[in-house]
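Step one of this worksheet: look at the structure below.
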Amino acid sequence: MPESAQQHAAKLAAAHAALRFVEPGMVVGLGSGTTATLFIQLLGERVQQGLQIQGIASSDSSEQLGRSLGIPITSFDQHRSIDVAIDGADEVAPGLALIKGGGGKLLREKIVASASKRFIIVADDTKLVPQLGRFPLPVEVIRMAVPLVTERLVTLGLKPVIRQAKDGSGPYLTDEGNILLDCHSDGIADAAKTAADIRAIVGVVEHGLFLNMAERVLLAGADGVRELTAGERW
Ligand code: 5RP
């Protein structure tokens, strides 16, 4: 569904609010997706104005964008940790439980998040949900294991569908050449259990449940940008 002007403005406001978490000299995790892209563009402007930072990207596309804007790109070869990573999300539930991977980049996004001292989500308020699972949960799978993993996911009560490339060329392939299974459900009541059950399936590379990872969510809507933290109730 094409996004409305209002949703775009909210994403931009959230991206803008994230700039204050970036300080000179930092290594910054560059997320993926439309909201993270807005953040990278704003960060690129700051770099062109003289801000000295380095970026570690969570996708080939974010790396290319960062480089095109003059953001020096580094890697875990040079830096074992990231000062702050800014990324988007597909769903945000209480406790800052997230579904990510709508853009297909969940594996590197989770690697970047796991190496970050601060992991901050930028999103518009359509992403806020009382319980995860309305958005299909992406699971990244080694190609040969797809039939096996599919059966196991079904036994967990999920309805996996192989993601297709937008150009109609066949299955979507991740940056690592893996397949994504988008798992539909009637809601994920116990996200920690679902995460553990999926992780135990051989052939699964990673899943899009990001639990206990985000420090805060910068959530933008018609009333401006709210900051949600894990302990907060809404
Ligand atoms: C990509 C992601 C994105 O962060 C997520 O899909 C949100 O994207 P957008 O900001 O375009 O709504 O997880 O894998």
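The values are calculated or read from the model by the stated rules, or taken from the named source; none is laboratory data. This is a predicted model, so every value here is computed, not measured. Heads up, the Cβs are rebuilt from the backbone with ideal geometry, glycines too, and the neighbour counts pull from every protein chain shown. Surface accessibility is based on the protein's heavy atoms, side chains included, excluding ligands, DNA and RNA. Shrake-Rupley method; radii C 1.70, N 1.55, O 1.52, S 1.80 Å.
Observations on the structure shown:
- Only a single item in (1) open to solvent by 60 Å² or more (accessible area, probe 1.4 Å); (2) free of Cβ contacts under 8 Å to residues at least 24 places away in the same chain is not met by residue 54, and it is number (2).
- Qualifying positions in region 100-110 - within 11 Å of residue 175 (Cβ to Cβ) and more than 6 Å from the ligand (Cβ to nearest atom): 107, 108
- Among the residues of region 85-101, those identified as open to solvent by less than 30 Å² (accessible area, probe 1.4 Å) and either outside the structural domain of residue 11 (by TED's automatic domain parsing) or in a loop (DSSP other than H, G, I, E, B) (or both) are 88, 89, 100, 101.
- Whether a residue is touching a helix residue (DSSP H, G or I) at 6+ places or on another chain (Cβ under 8 Å) and open to solvent by 40 Å² or more (accessible area, probe 1.4 Å) was assessed, and residue 132 does not pass this test.
- Taken over region 117-133, the criterion of being farther than 13 Å from residue 209 by Cβ and away from the ligand (no atom under 14 Å from the Cβ) is satisfied by 117, 118, 130.
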